[in-house]
Amino acid sequence: PSCFGYPLSIFFIIINEFCERFSYYGMRAVLVLYFKYFLQWDDNLSTAIYHTFVALCYLTPILGAIVADSWLGKFKTIVSLSVVYTIGQVVMSVSSINDLTDQTQDGSPDNIPVHIALSMIGLILIALGTGGIKPCVSAFGGDQFKEDQDKQRSRFFSIFYLSINAGSLLSTIITPILRAQECGIHSKQRCYPLAFGVPAALMAIALVVFIAGSGMYKKVKPQGNIMVQVSKCIGFAIKNRFRHRSKEFPKREHWLDWASEKYDKRLIAQTKMVLKVLFLYIPLPMFWALFDQQGSRWTLQATTMDGNFVAIQIQPDQMQTVNPILIIIMVPVVDAVVYPLIKKCKINFTPLRKITVGMFLASLAFVAAALVQVQIDKTLPVFPAAEQSQIKIINLGTDKASIKFEPELGHVDVTSMGSTGYMIFETSQLQSVSITSGNKTKPNTVKLPGGKRYTLAVKNNEADILVKWLLDNVTSKPEEGNNLIRFINNLPDPINVTMGETSFGNLAPLSDSNYELFPGGRQDSIIVVRNSMTCSHTSKAFGFGSAYTIVINECSRDRLTVTYSEDISPNTVHMAWQIPQYFILTCAEVVFSVTGLEFSYSQAPSNMKAVLQAGWLLTVAVGNIIVLIVAGASKLSEQWAEYVLFAALLLAVCIIFAVMAYFYTYVDPSEIEAQFDEEEKNQVKKDPDLYEKKAEADSQM
């Protein structure tokens, strides 16, 4: 059955691919944040495991292709590995349910190793599934067409690529929104089970849709895997060359010619062409090493930025959507506008030059990322070293206060109801402070343990100057764009404070509450109960990643007056500053990735495409392993420096590749094939029984 001139079975395959890509990219989008916030790993371990997983996903396709071509056939391979894949997604979703081990019901899992074990099992199953079916699905789609349907077949591959990008785009928008929801039985947290559960459901749908079309598929029998033959041929040539290494044997033109005792000339010629292309692949992994950091380092960079786009709140993991959005726009623009313009300028923009430009652009994107990182670092708070103390002053009185740090370490004036920033002192030197306010002066001896932050609250009332030292137990900037809030009671009576849904409990006069976490970017109502009177006030917007002390100054007849003192400034660098680096990297991907596969296919015989596909995917896997090695081996404490290091490495590799490309001669595989066809015809004329002999020899191989 057909529809619009296409086999009907194609539509099942495209829907299946859309769901599968949605499932994969959706899970991958939130993965690094799941490691960081749920499993509580640091940035480096999260990045390392993320790239190990991606590398696995690109190593397993080689297995998948061999299993499908030599043994099970494409249809059975896709079905059986999709089952494995779906189980993996479900396990992943279960691993992120924190109520699974949360016996104390305090909102964080008590037995993290259980969650780690489950998620690792889930990820291994997913890598087997997604990798194993990757080489089969598109080829299985290609099998559905008749010989004369070339036009429809190439149109199918474009639609297929579009469905991949549509799936990845939608899932990268949707799963972070699901992750940002609050859910849980005993306590509310970020909803990872939902963010992993929806991809799992879509994978199950993909499987059902694919099986539903079973009766319509054209199922080609497995015909043996060309990769196995090529490997055997190369292995035999090396072995044979080694056996005949002494000088009495004449040299052969190419080392692969040593396989000619056992393999026919055509296979050897095809293998030579493939190896010529694979040799060019050697520098390519460095490109992927940078490209795949969008999901790890760049997403972690976004967590330290401000995601407020007018009325919409963007999640850090949603910034990855910039890539698929731009791809959908850029691919047609580059094909229809950029390349023709370059041609008009009489520049011969060969495929290898395109790949070189792609590498250069990716290196540029990381320079842009480093520049953004430098701006972010300027906004990060500095915390005291072990032998230092940081002190800020809050003046709770109606008179100006002047504070001297003795012995002669400077002094500071604070306006009424005002506060200062943090000042750093060497703990061993600071002995006392002297506070003057109104017409009174009060000395205060100081013995502070080092390495901590303190707030000195001072208040001049009629009888005396009241002095209160408060420990600020914040040791890092709040993560995930959350804010930390605490209150100081500046009223003569005890009060009870609630903000949003969080109760801060009862506060005695001049005492402070603990810091509590609030989601970023919203305003909450503050409710104060004083002697059975209730006053309320809507807080200001705190931005993202800040810490504030709110002083309650007045509560009478519905009127609540507060002052805000900023302890840690919010994230001020806007997430939109990441768009340039995404744009440059997407331009790089368009000229690199699309050209790379086209070039490979044009330089090798048609039956060798599987080998090149495997080689191409291998470069992605190796690229992810490079991230592990570089990020692990470089002991760079500054993130911007690591970005510059990656940019420099890729630039060096880009120059090496340009030299290799300069010496490359383009070949036309079809001409070489035609020569062999011609030779075979001539031989058959001379020896009509040759075909039967050749068939016998092939079957014994």
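Only the coordinates and a few stated rules stand behind these numbers; no lab work does. From a predicted model like this one, the values you see are computed outputs, not experimental measurements. So basically every Cβ, Gly included, is an ideal-geometry build from the backbone, and we count neighbours across all protein chains shown.
I'd like to compare 317-323, 604-610: which one has the highest average count of other Cβ atoms within 10 Å, and what's the full order after that?
317-323, 604-610
Rounded to whole Å and sorted largest first, what semi-axes of the equivalent ellipsoid does the C-alpha gyration tensor of segment 425-473 yield via the square root of 5 times each eigenvalue?
Output for segment 425-473: semi-axes of 23, 13, 7 Å.
Take every DSSP beta bridge whose two residues both sit in segment 347-467, then give the antiparallel share in percent to the nearest 5.
The answer is about 75 percent antiparallel.
Which order do the peptides 640-646, 653-659 come out in when sorted by mean C-beta neighbours inside 10 angstrom, highest first?
In decreasing order of mean packing, 640-646, 653-659 become 640-646, 653-659.
Which entries of LYS354/LYS681; LYS146/LYS609; LYS134/LYS272; LYS378/LYS440; LYS247/LYS272; LYS239/LYS354 have Cα-Cα distances beyond 29 Å here?
Going by Cα-Cα distance, LYS354/LYS681; LYS378/LYS440; LYS239/LYS354 fall outside the 29 Å limit.
For segment 1-224, with only Lys/Arg (+1) and Asp/Glu (-1) charged at the beta-carbon, what is the dipole magnitude about the Cα centre, in debye rounded to 20?
Once rounded to the nearest 20, the dipole reads 760 debye.
List the trypsin sites (Lys or Arg not before Pro) in segment 459-503 that DSSP assigns to loop (not H, G, I, E or B) and whose Cβ has at most 11 other Cβ atoms within 10 Å. Which are they?
Passing sites in segment 459-503 do not exist.
Round to the nearest 0.05 the FRET efficiency obtained for GLN149 and ILE121 when R0 = 41 Å and r is the Cβ-Cβ distance.
The formula returns an efficiency of 0.45 here.
Take each of the peptides 407-416, 374-383, 128-137, average the number of other beta-carbon atoms within 10 Å over its residues, and list them starting from the highest.
Ranking, from highest mean packing down: 128-137, 374-383, 407-416.
Name all residues of segment 600-614 having a backbone nitrogen under 19 Å from the label point set 7 Å from the Cα of ASP335 along its Cα→Cβ direction, giving them as ranges.
600-603
Among GLN149, TRP469, GLN103, pick out the residue whose Cα is farthest towards the positive end of the charge dipole of the chain, where Lys and Arg carry +1 and Asp and Glu carry -1 on C-beta, about the Cα centre.
The residue sitting most towards the positive pole is GLN149.
Which ³J(HN,Hα) values, rounded to whole Hz and listed in residue order, are derived for segment 35-44 from phi using the Karplus coefficients 6.51, -1.76 and 1.60 in 6.51 cos²θ - 1.76 cosθ + 1.60 with θ = phi - 60°, glycine and proline given as x?
My calculation for segment 35-44 gives 4, 6, 9, 8, 7, 6, 8, 7, 3, 6 Hz in order.
Between segment 112-153 and segment 195-269, what is the separation of their alpha carbon centroids in Å?
When both Cα centres are located, 18 Å separates them.
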